[in-house]
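The values are calculated or read from the model by the stated rules, or taken from the named source; none is laboratory data. The shown structure was predicted, so the numbers you read here are calculated from the model rather than taken from an experiment. Heads up, the Cβs are rebuilt from the backbone with ideal geometry, glycines too, and the neighbour counts pull from every protein chain shown.
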Ligand code: NAD
Ligand code: ZN
Ligand code: ZN
């Protein structure tokens, strides 16, 4: 079968490999769509500060597939049915999994980051990572729900504790951030969208942002909403946006860090301390939240934008995403 594999920094290629055989407790999926995330670029271009990525590795951590073969001891999974893959997997036994925080599992290997992922014709997945896809949700939408929507949902609602009527700033309205704009406005928050690309800002306006501004035109001393910005979610994570997030947030507010564009970054300690700004990290989401996100999408409350392209074009789309030429999200279809 075909698989797009990471062989080391800047060495990512589509190659032929053996079709995987599902081990005990695993299910073989025929991949129906796999979303392209900016995190794939951080892996390929070695931008994660030495974070260990095994090689060779099939990338692709936003997966929707159809169950075609069951390993030993798998129950409750139907052959022919479509499933979304919960990327952090979760062992089910560690203290985090038992507390429902399976995104922080200490015993699992993340799909497409620590074990082979979905840029392939087939992928073997631990059965506990599979979440059924509602009929109303197309393949590519289910794929991007597993990260671009799930991560945004977790960051705003679980980590950020967003409330209806709050002023919220979303920094970076690309693949993740545009879903964050939709989720926040569906909840009744008042959204400021910030990006450096006018096309992304226009999309954010069309998806519920009250105000959308280029970060270079934004004066953090004069926040452009009719209420304090008590939550800022940074979906870029470079030094500039981390600084902007801490400047923009109102006293007593929360800054949620999601983007991984730089591994360190400035901390405005005096402001954060004297005005009680909470700076919080947010990682992916939980399996229970993924089921909720798929239901919310099925009911039309959030409409993730995704364009599909053939798996053979993956290298082109990696370059286009890197050049800022992807409108919102791309999913590859084998
Ligand atoms: P993307 O490339 O689709 O979107 C990034 C957006 O940021 C683009 O619209 C771009 O124009 C904008 N941008 C770039 N520089 C900016 C700046 N200085 N000011 C304002 N906007 C700017 O990326 P994505 O797939 O949405 O991922 C976003 C980030 O989130 C990446 O770093 C990715 O690795 C990370 N990520 C984190 C998690 C997590 O669990 N924490 C999960 C998925 C992705
Ligand atoms: Zn991702
Ligand atoms: Zn666990």
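The table below gives the values:
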{"quantity": "Hits in segment 111-150 (condition: surrounded by fewer than 19 Cβ atoms within 10 Å (Cβ to Cβ) and within 16 Å of ligand 1 (Cβ to nearest atom))", "calculated": "114"}
{"quantity": "Number of positions in segment 49-84 that are under 27 Å from residue 262 (Cα atoms) and away from ligand 2 (no atom under 16 Å from the Cβ)", "calculated": "6"}
{"quantity": "Matching option when the condition is within 9 Å of ligand 1 (Cβ to nearest atom), in a strand (DSSP E or B) and within 23 Å of the chain's Cα centre (by Cα), among 194, 173", "calculated": "194"}
{"quantity": "Residue in segment 115-128 that is farther than 23 Å from residue 312 by Cα, within 16 Å of ligand 3 (Cβ to nearest atom) and touching a helix residue (DSSP H, G or I) at 6+ places or on another chain (Cβ under 6 Å) present", "calculated": "no"}
{"quantity": "Tally of residues being assigned to a loop (DSSP other than H, G, I, E, B), touching a helix residue (DSSP H, G or I) at 6+ places or on another chain (Cβ under 9 Å) and more than 16 Å from ligand 3 (Cβ to nearest atom) across segment 23-45", "calculated": "2"}
{"quantity": "Where residue 157 falls short, out of the listed (1) surrounded by fewer than 18 Cβ atoms within 10 Å (Cβ to Cβ); (2) part of a loop (DSSP other than H, G, I, E, B)", "calculated": "(2)"}
{"quantity": "Any strands (runs of 3 or more DSSP E) falling wholly within segment 217-313 and containing at least 1 residues that are in contact with a helix residue (DSSP H, G or I) (Cβ under 9 Å, 6 or more places away or on another chain) and within 30 Å of residue 32 (Cα to Cα)", "calculated": "307-310"}
{"quantity": "So residue 65, is it within 23 Å of the chain's Cα centre (by Cα), part of a loop (DSSP other than H, G, I, E, B), surrounded by 15 or more Cβ atoms within 10 Å (Cβ to Cβ) and in contact (Cβ under 8 Å) with a residue 12 or more places away in the chain", "calculated": "no"}
{"quantity": "Any chance residue 100 is within 16 Å of ligand 3 (Cβ to nearest atom), at pLDDT 95 or above and touching a helix residue (DSSP H, G or I) at 6+ places or on another chain (Cβ under 8 Å)", "calculated": "yes"}
{"quantity": "Whichever residue in segment 81-97 is over 29 Å from residue 175 (Cα atoms) and part of a loop (DSSP other than H, G, I, E, B) and, among such residues, is nearest to ligand 3 (Cβ to nearest atom)", "calculated": "94"}
{"quantity": "Segment 85-100, residues that are more than 16 Å from ligand 2 (Cβ to nearest atom) and either within 20 Å of residue 56 (Cβ to Cβ) or surrounded by 16 or more Cβ atoms within 10 Å (Cβ to Cβ) (or both)", "calculated": "90, 91, 94, 96, 97"}
{"quantity": "Inter-residue pairs, beta-carbon under 6 Å, first over 24 Å from residue 40 (Cβ atoms) and in segment 91-112, second within 16 Å of ligand 1 (Cβ to nearest atom) and assigned to a loop (DSSP other than H, G, I, E, B), 6+ apart", "calculated": "91/105; 91/108; 94/105; 96/105; 97/90; 97/105"}
